[in-house]
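Asker: Handing you a structure now.
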Amino acid sequence: MRTAALIKRIFQEMFRDKRTLALLFVAPLLILSLMYLLFNSDTINPKLGVTGADHQLVEALEKADIHTVHYKRITNTKNTIKGDDLDAILQYKDSHWKLTLQNNDPTAAKALQMKVQQTVSQFQSALMNKGNAGLPKENIKTAYIYGNSDTDFFDVLSPTLVGFFVFFFVFLISGIGLLKERTSGTLERLMSTPIRRWEIVMAYLVGFGTFAVIQTVIVVLYAINILDMVLEGSIWSVILINLLLALVALSLGILLSSFAASEFQMVQFIPIAVVPQIFFSGIIPLNGLADWLQAVAKVMPLYYAADALKGIMYKGMELSDISGDLIALVLFASFFTVLNVFALKKYRKL
């Protein structure tokens, strides 16, 4: 009977906690549905610029599921690839083949390189069988806009991972930290004084933010100097981006902690506030997703941080090149900070 009574009490507590029930039954379905949509997105054929090639070779490339764009002349290969958003450019000049890969995604770039080499090789063999020696026999010379032949997927992924770990731990620690202030009665005593809500929010942001800054610097320096992660741009730019991301995580963590009654409830926000951002951070290519899913990605702070970090660490960009991402992070942090001020109304009305 005592066991039955204890089981009954557990059932009653679970049914009273609607948030736990939602985490248990609804959250897995949402995340599973999201993963299904992401991993079943349409495959985008690589976009290859071609100049100086025979039209029959272009047709062969098209048959190999490579979308080709013909150019009569290319003066600046790098600018053409970046400006027209090409995956690569294949050039035939001075009796030599040259393939220039953007290498934004090393896995996709290697697959495209193999396809092009195989198609050109087959085309050359067919011409040679016909007694036509108009094409060279040597291998295609390969160049890269970003990275090199040794670049692998982790080199592109690592900037995103740095940003994610900064975001996740700052979010969790700040949220639980403020929650302890509430459960211990410290926040209630503060609210009984003449101090204003915005002063409380700023104090917590600065207080927790100091440790967030230290953590961010440690993570960045460790990732670059100890783990030897790729860094083409300035390390100061990387630190700045991560500091802005930490500020976003800090303000969001404090905001969500206002709606949690325990550490367990704070952890319950992770599947909703953190996990979706992993998928939309660029770890999974977003080009093949439906338009509405791409729109969802653009309301995720980590999307902008990952894009900025990849631009600095992997592509060697300057801050001016990623100014849009930086502005987005500042807007997110400002928005969450303002919401924090209003969220404190539930504890005291001024």
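The values are calculated or read from the model by the stated rules, or taken from the named source; none is laboratory data. Not measured: the values here are computed from a predicted model. Cβ sites come from the backbone with ideal geometry, for glycine too, and all protein chains shown count toward neighbours. The protein model used for the area step is the full one, side chains on, heavy atoms only, and it has no ligands, DNA or RNA in it. Shrake-Rupley method; radii C 1.70, N 1.55, O 1.52, S 1.80 Å.
Asker: Can you find a residue that is more than 35 Å from the chain's Cα centre (by Cα), at pLDDT 75 or above and assigned to a helix (DSSP H, G or I) anywhere in region 14-30?
Answerer: yes
Asker: Which members of region 86-96 meet the condition of being open to solvent by 10 Å² or more (accessible area, probe 1.4 Å) and at pLDDT 85 or above?
Answerer: Passing the criteria: D87, Q91.
Asker: State whether the residues of region 206-222 include one that is in a helix (DSSP H, G or I), touching a residue at least 60 places away in the same chain (Cβ under 8 Å) and within 20 Å of the chain's Cα centre (by Cα).
Answerer: No, the conditions are met nowhere in region 206-222.
Asker: Now, a different point. I'm told I7 meets every condition in (1) open to solvent by 30 Å² or more (accessible area, probe 1.4 Å); (2) touching a strand residue (DSSP E or B) at 6+ places or on another chain (Cβ under 6 Å); (3) more than 29 Å from Q294 (Cβ to Cβ) except one. Can you identify the failing condition by its number?
Answerer: It is condition (2) that I7 fails.
Asker: I'm checking my understanding of the structure. Among residues of region 29-81 that are free of Cβ contacts under 8 Å to residues at least 60 places away in the same chain and closer than 30 Å to F264 by Cβ, which one is most open to solvent (accessible area, probe 1.4 Å)?
Answerer: Applying the filter and picking the extreme gives Y36.
Asker: Could you check, for region 234-257, whether at least one of its residues is without any contact (Cβ under 8 Å) to a residue 12 or more places away in the chain, among the hydroxyl-bearing types (S, T, Y) and assigned to a helix (DSSP H, G or I)?
Answerer: Scanning region 234-257 turns up no residue that is without any contact (Cβ under 8 Å) to a residue 12 or more places away in the chain, among the hydroxyl-bearing types (S, T, Y) and assigned to a helix (DSSP H, G or I).
Asker: For residues that are hydroxyl-bearing (S, T, Y) and within 31 Å of the chain's Cα centre (by Cα), tally how many sit in region 100-127.
Answerer: So the count comes out to 2.
Asker: Name every residue in region 10-28 that is farther than 16 Å from Q268 by Cβ and open to solvent by less than 100 Å² (accessible area, probe 1.4 Å), in order of residue number.
Answerer: Result: I10, Q12.
Asker: Here is a follow-up. Just one of (1) farther than 17 Å from L326 by Cβ; (2) in contact (Cβ under 8 Å) with a residue 40 or more places away in the chain trips up L309, so point out which.
Answerer: Of the numbered conditions (1) farther than 17 Å from L326 by Cβ; (2) in contact (Cβ under 8 Å) with a residue 40 or more places away in the chain, the odd one out for L309 is (1).
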